[in-house]
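Asker: Sharing a structure below in structure tokens format, with a few things to ask.
The values are calculated or read from the model by the stated rules, or taken from the named source; none is laboratory data. Keep in mind it's a predicted model, so treat the numbers as computed, not measured. In this analysis, Cβ positions are derived from the backbone assuming ideal geometry, glycine residues included, and neighbour counts consider all displayed protein chains. With ligands, DNA and RNA removed, areas are computed over all heavy atoms of the protein, side chains included. Shrake-Rupley method; radii C 1.70, N 1.55, O 1.52, S 1.80 Å.
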Amino acid sequence: MDGATERERRATARRVHGVTPQPAPWHRSAVLVALMLAAFTFNTAENLPIGLLDLISENLRVSPSAVGLLVTGYGVTVALASLPLVHVTRTVPRRHVLTGLLAALVVSSLVAALATSYWLLLAARLLTALAQALFWAVMGPVAVGLFAPEVRGRVVGALSVAGSLALVLGVPAGTWLGRRSDWQLPVALPAAPGLVCLVTVAVLLPTSRPEEEPAAYAHSPDVRRFGTVLAAGALSATGAFTGYTYLVKFLGDVSGFPPSRVSVLFVVFGVACLAGVSITGALLDRFPQSALSTAVVTQAVGMLGMYTVGTHQVAAAVFLVLMGGALGPVFMTTQNEMLRCAPGRTDMALAANSGFYNVGIAAGAALGGLVLPLADVRGTFLAGGLLTVGACVVLLGGRLLPGGPHSRSRGRLSADGLH
């Protein structure tokens, strides 16, 4: 512990005295745009099989459930690989790590498009998943470290907006293109923006030791807050996906929407998610802790509202918008909190948060599957809403309980180092 503390003190001193090279302003903006584009591209690549499921199934002569494994296996890989990969690459300059990850995205996209067998396609997908697992952990500290601390919340918001656009724009566009050509073309397309991002990062991002980067360590380290956010984020993800996984069935069976309306409501859900991320990102620097609590409470209200009055179509649409408006901001605000309260390196904290959140997604889908035959599809939203209420209780407890001595000492160390 003392060794880790001393390393943090030295790293803080180096940042304060300006030893770490900072790129020119336009270089910083260009790198941020490249990282936003990379976030959009990774998220699009992750979810493309959802829209191309029947085309891939027919072309490769495999079952739809096997194609679904291309998405499920992807998420499990991200959940399991994030922390180990960050640990293995902890001493490698982030410029080298990011260019390697983007190269993996380019190569895996082309291999996936050229795949003539299901197993080769699955292998290419798992390579992309490994790259994404590490990308989300190292991208955040690199991006926010390029800018002053008082605007870092907006940087996190910009990255989250880019990632959310994948579901609103990237996946629908890829699905449309695949149905007018073949599934291989949209699967190959992520290679193009990936290459643009690779060149931009390789040319414009300085090479520096990871521990010397401006956002390598949090400004207000707090072990208890770190644990509180991890637990609340995982519970929120479990709750959200307990119901969201079966949203199509709920809107059809409970709310009585015809299939054509359900498709429109999914677009509305995606737009609400994007709007929620955009609004929250603009306010994140001013209200970092309140933003997380607000997002979790909104999700709880949306899910419990769906359970209570989801039989009425207008009410179902309103609470669906609340759910969508909260889903993206929950993950975004937990990521921002990791950058603020990580007790050690921020990349390790972000990897832990991503891992816990993805475990929550998988657990939610599994729990919904268990609840569905016992309490019908409405029960999945009740279970998900109650789990989200549990996340609210965790956050409230973290605020009401007095801080431990370890949290306070780490907070004083951070303050001493920065001032």
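Asker: Just one of 247, 274 is open to solvent by less than 20 Å² (accessible area, probe 1.4 Å) and of a type in the set (A, V, I, L, M); which is it?
Answerer: On inspection, the qualifying residue turns out to be 247.
Asker: Looking only at region 225-243, decide whether some residue is on the phi < 0 side of the Ramachandran plot and open to solvent by 60 Å² or more (accessible area, probe 1.4 Å). Steps first, answer last, please.
Answerer: Applying the first criterion (on the phi < 0 side of the Ramachandran plot) to region 225-243 yields 225-243.
Next, only the ones that are open to solvent by 60 Å² or more (accessible area, probe 1.4 Å) stay: none.
No, region 225-243 has no match at all.
Asker: Of a type in the set (A, V, I, L, M) and surrounded by 18 or more Cβ atoms within 10 Å (Cβ to Cβ): does that describe residue 315? Full working, then the answer.
Answerer: Values: of a type in the set (A, V, I, L, M): yes; surrounded by 18 or more Cβ atoms within 10 Å (Cβ to Cβ): no.
In short, no.
Asker: Another question, if that's okay. Do we have residue 200 as assigned to a helix (DSSP H, G or I), touching a residue at least 12 places away in the same chain (Cβ under 8 Å), more than 23 Å from residue 355 (Cα to Cα) and more than 22 Å from the chain's Cα centre (by Cα) here? Let's see the steps before the verdict.
Answerer: On the way: assigned to a helix (DSSP H, G or I): yes; touching a residue at least 12 places away in the same chain (Cβ under 8 Å): yes; more than 23 Å from residue 355 (Cα to Cα): yes; more than 22 Å from the chain's Cα centre (by Cα): yes.
Against the criterion (assigned to a helix (DSSP H, G or I), touching a residue at least 12 places away in the same chain (Cβ under 8 Å), more than 23 Å from residue 355 (Cα to Cα) and more than 22 Å from the chain's Cα centre (by Cα)), residue 200 qualifies.
Asker: Would you be able to say whether some residue in region 164-175 is among the polar types (S, T, N, Q), in contact with a helix residue (DSSP H, G or I) (Cβ under 8 Å, 6 or more places away or on another chain) and within 26 Å of residue 81 (Cα to Cα)?
Answerer: Kept after step one, since they are among the polar types (S, T, N, Q), are these residues of region 164-175: 164, 175.
Now drop any that are not in contact with a helix residue (DSSP H, G or I) (Cβ under 8 Å, 6 or more places away or on another chain), which leaves 164, 175.
Adding the requirement that they be within 26 Å of residue 81 (Cα to Cα) leaves 164.
Scanning region 164-175 turns up at least one residue that is among the polar types (S, T, N, Q), in contact with a helix residue (DSSP H, G or I) (Cβ under 8 Å, 6 or more places away or on another chain) and within 26 Å of residue 81 (Cα to Cα).
Asker: Is it fair to say residue 28 is charged (D, E, K, R), farther than 29 Å from residue 213 by Cα, out of contact with any Pro (no Cβ under 9 Å at 6 or more places or on another chain) and open to solvent by 40 Å² or more (accessible area, probe 1.4 Å)? Outline the logic, then answer.
Answerer: Details: charged (D, E, K, R): yes; farther than 29 Å from residue 213 by Cα: no; out of contact with any Pro (no Cβ under 9 Å at 6 or more places or on another chain): yes; open to solvent by 40 Å² or more (accessible area, probe 1.4 Å): yes.
Taking the combined requirement at face value, the residue does not satisfy it.
Asker: Still on this structure, I have one more. Hey, can you tell me all the residues within region 372-398 that are more than 21 Å from residue 356 (Cα to Cα) and either surrounded by fewer than 17 Cβ atoms within 10 Å (Cβ to Cβ) or modelled with pLDDT under 90 (or both)?
Answerer: 372, 373, 374, 375, 376, 377
Asker: For the structure I just gave you, tell me whether residue 111 is open to solvent by 20 Å² or more (accessible area, probe 1.4 Å), modelled with pLDDT of 90 or more and either within 16 Å of residue 174 (Cβ to Cβ) or outside any helix (DSSP H, G or I) (or both).
Answerer: no
Asker: Another one. Since residue 191 meets every condition but one in (1) open to solvent by less than 20 Å² (accessible area, probe 1.4 Å); (2) of a type in the set (A, V, I, L, M); (3) over 30 Å from residue 145 (Cα atoms), which condition does it not meet?
Answerer: Just one mismatch for residue 191, condition (3).
Asker: To continue, here is another question. Does any residue of region 58-75 turn out to be open to solvent by less than 30 Å² (accessible area, probe 1.4 Å), over 24 Å from residue 238 (Cβ atoms) and modelled with pLDDT of 85 or more? Spell out how you get there, then give the answer.
Answerer: Keep residues of region 58-75 that are open to solvent by less than 30 Å² (accessible area, probe 1.4 Å), which gives 60, 66-68, 70, 73-75.
Checking which are over 24 Å from residue 238 (Cβ atoms) leaves us with 60, 66-67.
Subset that is modelled with pLDDT of 85 or more: 60.
Checked against the condition, which is being open to solvent by less than 30 Å² (accessible area, probe 1.4 Å), over 24 Å from residue 238 (Cβ atoms) and modelled with pLDDT of 85 or more, region 58-75 yields at least one hit.
Asker: Then there is this: Of all residues in region 114-151, how many are open to solvent by less than 50 Å² (accessible area, probe 1.4 Å), in a helix (DSSP H, G or I) and either over 14 Å from residue 188 (Cα atoms) or in contact with a Cys (Cβ under 7 Å, 6 or more places away or on another chain) (or both)?
Answerer: Counting residues in region 114-151 that are open to solvent by less than 50 Å² (accessible area, probe 1.4 Å), in a helix (DSSP H, G or I) and either over 14 Å from residue 188 (Cα atoms) or in contact with a Cys (Cβ under 7 Å, 6 or more places away or on another chain) (or both) gives 19.
Asker: Mind checking which residues of region 38-97 are in a loop (DSSP other than H, G, I, E, B) and within 26 Å of residue 114 (Cα to Cα)?
Answerer: Of the residues in region 38-97, the ones in a loop (DSSP other than H, G, I, E, B) are 52, 61-63, 89-93.
Once the filter is applied, which keeps residues that are in a loop (DSSP other than H, G, I, E, B) and within 26 Å of residue 114 (Cα to Cα), region 38-97 yields 52, 61, 62, 63.
Asker: May I ask you to list pairs of residues, at least six apart or on different chains, whose Cβ atoms are under 8 Å apart, with the first in region 117-139 being under 17 Å from residue 338 (Cβ atoms) and the second being assigned to a helix (DSSP H, G or I) and polar (S, T, N, Q)?
Answerer: Note: pairs meeting the criteria are 133/77; 133/82; 133/354; 134/82; 136/82; 136/354; 137/82; 137/354.
Asker: Please enumerate the residues belonging to region 259-272 that are at pLDDT below 90 and not β-branched (Val, Ile, Thr).
Answerer: Within region 259-272, 259, 260, 261, 263, 265, 266, 269, 270 qualify.
Asker: In this structure, is residue 400 over 30 Å from residue 309 (Cβ atoms) and under 21 Å from the mean Cα position of the chain (by Cα)? Steps first, answer last, please.
Answerer: Details: over 30 Å from residue 309 (Cβ atoms): yes; under 21 Å from the mean Cα position of the chain (by Cα): no.
No; evaluated as a whole, the condition is false for this residue.
Asker: Which one of the conditions (1) modelled with pLDDT under 95; (2) touching a Gly at 6+ places or on another chain (Cβ under 7 Å) does residue 304 fail to meet, given that it meets all the rest?
Answerer: Single failed check for residue 304: (1).
Asker: Can you give me the number of residues within region 152-185 that are part of a helix (DSSP H, G or I) and open to solvent by 40 Å² or more (accessible area, probe 1.4 Å)? So that I can check it myself, show each step before the final result.
Answerer: First, pick out the residues of region 152-185 that are part of a helix (DSSP H, G or I): 152-180, 184-185.
Those left that are additionally open to solvent by 40 Å² or more (accessible area, probe 1.4 Å): 154, 165, 167-169, 172-173, 176-177, 179-180, 184-185.
Going through region 152-185 one residue at a time, the tally reaches 13.
Asker: Something else about it: Scan region 275-291 and report the pairs whose first residue is more than 14 Å from residue 326 (Cβ to Cβ) and whose second residue is open to solvent by less than 40 Å² (accessible area, probe 1.4 Å) and among the hydrophobic types (A, V, I, L, M, F, W, C), with Cβ atoms within less than 6 Å and a gap of 6+ or a chain change.
Answerer: Note: pairs meeting the criteria are 284/291.
Asker: Ok, one more. Regarding residue 258, is this residue within 30 Å of residue 30 (Cα to Cα) and of a type outside the set (D, E, K, R)? Please lay out each step first, then the result.
Answerer: Numbers: within 30 Å of residue 30 (Cα to Cα): no; of a type outside the set (D, E, K, R): yes.
No: the conditions fail for residue 258.
Asker: Suppose we filter region 326-366 for residues that are open to solvent by 20 Å² or more (accessible area, probe 1.4 Å) and not in a helix (DSSP H, G or I); how many remain?
Answerer: Qualifying residue count for the region: 3.
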